[in-house]
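Accompanying notes for the structure given below.
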């Protein structure tokens, strides 16, 4: 797999897409509706060549950037990714913007401090047989500073306790 393929894969996962045996599945249908395609599974990822593919990612970068709070709130730092994204947009060069998006996604994945409950629910819905009701019952126990995996362990313990109490 070459670097472009790796970077497109990184962006696809950032956007919530899943690699399946039949192609990249767009669970959120962000690209399905935008590209007006018949399905929501794609054989090729075109983030590096298509503005239609790249721009929703740029919007998502800005949205996620706004969610992250910096301890020193220094918005004029040299590594401020919001400014880098703006600069790359002003260049109107897809290659420059693509590289900036890849840089942001890598940075975000390394620095994401909070795992939101809604994101965890989506992940659980896609990877387990639990119903949405069962998963939503866990909300008051969810801890957003723990990893998804740590919360899954807590959820499984929570479900065990609930089943045990129901069978008493």
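Quick check, is residue 130 at pLDDT below 85, surrounded by 13 or more Cβ atoms within 10 Å (Cβ to Cβ) and either under 22 Å from the mean Cα position of the chain (by Cα) or assigned by TED's automatic domain parsing to the domain that holds residue 62 (or both)? Outline the logic, then answer.
Numbers: at pLDDT below 85: yes; surrounded by 13 or more Cβ atoms within 10 Å (Cβ to Cβ): yes; either under 22 Å from the mean Cα position of the chain (by Cα) or assigned by TED's automatic domain parsing to the domain that holds residue 62 (or both): yes.
Yes; evaluated as a whole, the condition is true for this residue.
Every residue, every condition in (1) exposed (fewer than 12 other Cβ atoms within 10 Å of the Cβ); (2) at pLDDT 75 or above; (3) within 24 Å of residue 20 (Cα to Cα); (4) in contact with a helix residue (DSSP H, G or I) (Cβ under 7 Å, 6 or more places away or on another chain), yes or no:
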{"site": "71", "(1), (2), (3), (4)": "yes, no, no, no"}
{"site": "80", "(1), (2), (3), (4)": "no, yes, no, no"}
{"site": "143", "(1), (2), (3), (4)": "yes, no, no, yes"}
{"site": "154", "(1), (2), (3), (4)": "no, yes, no, yes"}
{"site": "163", "(1), (2), (3), (4)": "yes, yes, no, no"}
Residue, modelled with the highest pLDDT, within the stretch 11-31, restricted to residues that are buried (at least 17 other Cβ atoms within 10 Å of the Cβ) and in a helix (DSSP H, G or I): 11
Can we say residue 98 is touching a helix residue (DSSP H, G or I) at 6+ places or on another chain (Cβ under 8 Å), in a helix (DSSP H, G or I), at pLDDT 85 or above and surrounded by 17 or more Cβ atoms within 10 Å (Cβ to Cβ)? yes
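Within the stretch 32-43, identify whether any single residue is part of a helix (DSSP H, G or I), under 17 Å from the mean Cα position of the chain (by Cα), closer than 27 Å to residue 125 by Cβ and modelled with pLDDT under 85, and answer yes or no. Step through it out loud before you land on a result.
Our first condition is that a residue be part of a helix (DSSP H, G or I); within the stretch 32-43, this holds for 32-35.
Next, from what is left, pick out any that are under 17 Å from the mean Cα position of the chain (by Cα): 32.
Among the residues that remain, those that are also closer than 27 Å to residue 125 by Cβ are: 32.
Restricting the remaining residues to those that are modelled with pLDDT under 85 gives 32.
Yes, some residue in the stretch 32-43 is part of a helix (DSSP H, G or I), under 17 Å from the mean Cα position of the chain (by Cα), closer than 27 Å to residue 125 by Cβ and modelled with pLDDT under 85.
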Taking residue 130 as meeting all but one of (1) touching a helix residue (DSSP H, G or I) at 6+ places or on another chain (Cβ under 9 Å); (2) assigned to a helix (DSSP H, G or I), write down the number of the exception. (2)
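The values are calculated or read from the model by the stated rules, or taken from the named source; none is laboratory data. Computed from a predicted structure; not experimentally measured. All Cβ positions, even for glycine, are placed from backbone atoms using ideal geometry, and neighbour counts span all protein chains on display.
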